[in-house]
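To keep things clear, I will list the structure first and then write my remarks on it.
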Amino acid sequence: MAEVEENPNIVVAEEESIKKKRKRKRDRKNKMVTEKETKKEEENEEGEEDDEERQELDDELKEEIKKEMKSGSGIMSSELFSSVEISDPTMKAIKDMGFEYMTQIQARAIPPLLEGKDVLGAARTGSGKTLAFLIPAVELLFHVHFTPRNGTGVVVICPTRELAIQTHAVAKDLLKYHSQTLGLVIGGSARRAEAERIAKGANLLVGTPGRLLDHLSNTKGFIYKNLKCLVIDEADRILEANFEEDMQQILKLLPKEGRQTALFSATQTKKVEDLARLSLTAPIYIDVDDGRRRVTNEGLQQGYCVVPSARRFILLYSFLKRNLSKKIMVFFSSCNSVKFHSELLRYIKIECHDIHGKQKQQKRTSTFFDFCDAKKGILLCTDVAARGLDIPAVDWIVQFDPPDEPKEYIHRVGRTARGEGAKGNALLFLIPEELQFLKYLKAAKVPVKEYEFDHKKLANVQSILEKLVANNYYLNQSAKEAYRSYLLSYNSHSMKEIFNVHRLDLQAVASSFCFSNPPKVHLNIDSNASKFRQKKRKVEGSRNGFSEGNPYGKKGADDTRQFVRY
């Protein structure tokens, strides 16, 4: 068979074609590699730019916080929670709660508390005091490996049931990733269930003074000998007359050796200083508001209006009627006053909530949470709701009855404009005789300006309200009790030179409670004249000569007879 000769030109052409194909492949490969590298470089550059942007934003935020701290406004600090030595479970819980930066009181109180030192802390209301003492408390329990069989390691005492419930809720969030147990003891709730919980072991116990003392004295299986930390929140309120005796007994019962103690409040008093001297060892005093121009938050607009006593309720009614889309808290001086005004407002078709000390605990708790969840509404309350409660988005605080002292004013208005950058409004009702109270507010660094109102624009409903109260038996009785409580409360006011019950126009006061004439009520109030007469009698004796030294009255010097009954 003849061999086929290969054409050399064809072979060369094929080889060149293969080379070209390979070159094109290499070029494509190189192009793809180059594109990938370029893309990576671009991504890296973008990532670096994003990091730079984030860093810039963080730096800007820090600068803003520093400026606010220098200017004396704002409650935030530039310190991160991550900058403090906190365990991973607690840090995780803080992140879940949505916090990154500490407030000023937290930045200054947490480090010494973590070191086991005693602290006396003062910071305005709404500045994050609860976390300032709960984080170190939780850390203490975590590091000493507290278990239920060890009993109670931390006790937190609050002045009101609602504040205790709120503190318990924050502690529950903080203990989310911890194994330590939690308990709540407050008056008005089921005592047996509380005792069972304590017997099982509540490592962190939150409570009010009365119920805590009851359990310390009477509950079997309450192990508190291992107590490591005692926290007293709103210390100035707890040391007032109605709690002082309970607190003395609690402090006697609780172990002192190896115990850390922390006292926190928005306002400090001499009694708090006395307690600190007795129960704290070399305490660190932290006052983040020292040197500030005002003791209330910067976003709070505060004012007062001078209103004749007879027109007080008409002004309140007109104000509430125009602000039905807002969230408002109205403070009264007595439980009976809250009860009557809430009933009256509901009669005249203005829906409202009410909280006072005479209600059952279940009602108080449900009302509190309902108002917290509400976008708008009216809450009538006594000072039981003035301390520490964190109620979201309150627009107005109205003080229908003036507070007992400037300190209580500060706590009342602290229910609005809570937290950094928050805004709110406060309105104080004063009758002309009470204007001297403004002098004391000014001395306490509380800036208030006068709000004027047009008397002609007030609702003309006085005669209708008087008929309603006169014709409705239950409302009439409620009004009488409220009127009586108002006078008794006024008589017990600590600033008697301003709030003098004897200077009140009772006809005008009766009108504010929807009476046409002052009702007959029993008042155990001495008039100035009767006090003078009693004093005179003590000095001179009675007209007939009866006295402690002469029980038989007038008789001659030579008369030695004894008076006898026949």
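Any read-out appearing in this document is the output of simple, stated calculations on the displayed coordinates, not a laboratory observation. Predicted model only: the values in this text are computed from it and were never measured. Neighbour counts are summed over all protein chains in view; Cβ atoms, including those assigned to glycine, are modelled from backbone coordinates with ideal geometry.
If you take all other residues with their beta carbon under 10 Å from the beta carbon of Pro392, and give Lys and Arg +1 and Asp and Glu -1, the sum is +1. About its Cα centre, the dipole of the stretch 347-399 is roughly 200 debye, where the only charges are +1 on Lys and Arg Cβ and -1 on Asp and Glu Cβ.
Rounded to the nearest 20 debye, the dipole size of the stretch 290-434 about its Cα centre is 440 debye, using +1 on the Cβ of Lys and Arg and -1 on the Cβ of Asp and Glu. The Cα center of the stretch 238-274 and the Cα center of the stretch 302-358 differ in position by 35 Å. For Phe369, the shell of other residues with beta-carbons less than 13 Å away shows a net charge of -1, using +1 for Lys and Arg and -1 for Asp and Glu. Shown in residue order for the stretch 303-319 are the 3J(HN,Hα) couplings computed by the Karplus curve 6.51 cos²θ - 1.76 cosθ + 1.60 at θ = phi - 60°: x, 9, 9, 8, 9, x, 3, 5, 9, 4, 5, 4, 5, 4, 4, 5, 5 Hz (x for Gly and Pro).
Restriction of the trypsin sites (Lys or Arg not before Pro) in the stretch 339-377 to DSSP coil positions whose beta-carbon has at most 16 other beta-carbons within 10 angstrom yields Lys349, Lys358, Lys360, Lys375, Lys376. Among DSSP beta bridges lying fully in the stretch 76-287, give the percent that are antiparallel, nearest 5. Beta bridges within the stretch 76-287, antiparallel portion: roughly 5 percent. Length gained on full extension, Lys375 to Leu80: 103.0 nm, using 0.36 nm per residue less the C-alpha separation.
The GluC sites (Glu not before Pro) of the stretch 444-478 that meet both conditions, a loop assignment by DSSP and at most 12 other Cβ atoms within 10 Å of the site Cβ, are Glu452. Across the stretch 300-513, C-alpha contacts under 8 Å between residues 6 or more apart give a mean separation that, scaled by the residue count, equals a relative contact order of 33 percent. Tell me whether the stretch 300-513 comes out rounded, prolate or oblate; compute the Cα gyration tensor, take square roots of the eigenvalues as a ≥ b ≥ c, and use a/c under 1.5 as the rounded threshold. Verdict is rounded for the stretch 300-513. The trypsin sites (Lys or Arg not before Pro) of the stretch 447-521 that meet both conditions, a loop assignment by DSSP and at most 13 other Cβ atoms within 10 Å of the site Cβ, are Lys496, Lys520.
Here each label is just a point 7 Å from Cα along the line to Cβ, and for Gln249 and Leu435 those points are 4.8 nm apart. Pairs from the list Lys442/Lys467; Lys117/Lys360; Lys225/Lys363; Lys360/Lys456; Lys129/Lys256 with a Cα-Cα gap above 31 Å: Lys442/Lys467; Lys117/Lys360; Lys225/Lys363; Lys360/Lys456. With a cut-off of 14 Å between beta carbons, the residues surrounding Asp173 carry a summed charge of +2, where Lys and Arg count +1 and Asp and Glu -1. Stretching the chain fully between His502 and Tyr474 yields a gain of 7.2 nm (0.36 nm per residue, less the alpha carbon separation). Which whole-number percent gives the relative contact order of the stretch 76-287, counting Cα pairs below 8 Å spaced six or more residues apart? It comes to 26 percent, rounded to a whole number. If a paramagnetic tag sat 7 Å from the Cα of Ser325 along the Cα-Cβ line, which residues of the stretch 385-399 would have the backbone N under 18 Å from that point? Inside the label zone: 393-396. Relative to the Cα centre, the charge distribution of the stretch 76-287, modelled as +1 at Lys and Arg Cβ and -1 at Asp and Glu Cβ, gives a dipole magnitude of about 640 debye.
Convex hull volume of the Cα atoms of the stretch 109-177, normalised per residue: 111 Å³.
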